[in-house]
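Visitor: Structure in structure tokens, see below.
The values are calculated or read from the model by the stated rules, or taken from the named source; none is laboratory data. These figures come from a predicted structure and were not determined experimentally. Neighbour counts run over all protein chains shown; Cβ positions are idealised from the backbone, glycine included.
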Amino acid sequence: MNETQKIIIIGMIIAVIAVFLFPPHAIFPKGGGVLRLGYSLITDIPEHYSIHVTLLVVEWLGVFLVGGLLYTLFKDKA
């Protein structure tokens, strides 16, 4: 693992932690769908809102996908 790959891994870790600390939250009405969507610090999520777990997982997958692609692009050519 070279220095660029180490920086990419550190960036991925920071991004995953940031997404966890500021998760998407929403109001889910009984009829289905999403009424309101927003982001806030995990300790300050407004009352009657729930964490939008599906969107949170999609964001994490995006971080891992982009990070994995960058990690692969910057591997040593031996």
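Listed here are the residues, each with its yes/no results for (1) at positive phi; (2) at pLDDT 90 or above; (3) of a type outside the set (Asp, Glu).
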site	(1), (2), (3)
VAL19	no, yes, yes
PRO29	no, no, yes
GLY33	yes, no, yes
GLY38	no, yes, yes
ILE42	no, yes, yes
PRO46	no, no, yes
SER50	no, yes, yes
LEU55	no, yes, yes
TRP60	no, yes, yes
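Visitor: So, one more: Between a residue in region 2-17 that is closer than 12 Å to GLY68 by Cα and in a helix (DSSP H, G or I) and any residue that is at pLDDT 95 or above and among the β-branched types (Val, Ile, Thr), which pairs come within a Cβ distance under 8 Å, given they are 6 or more apart or on different chains?
Guide: Close Cβ pairs (under 8 Å, with a partner that is at pLDDT 95 or above and among the β-branched types (Val, Ile, Thr)) amount to MET12/VAL63.
Visitor: Looking at region 43-76 only, could you name the residues that are charged (D, E, K, R) and either within 20 Å of the chain's Cα centre (by Cα) or over 19 Å from ILE9 (Cβ atoms) (or both)?
Guide: ASP44, GLU47, GLU59
Visitor: Just the residues that are loosely packed, with under 14 Cβ neighbours inside 10 Å and either in a helix (DSSP H, G or I) or without any contact (Cβ under 8 Å) to a residue 24 or more places away in the chain (or both), please, taken from region 48-63.
Guide: Selection gives HIS48, VAL53, THR54, VAL57, VAL58, LEU61, GLY62.
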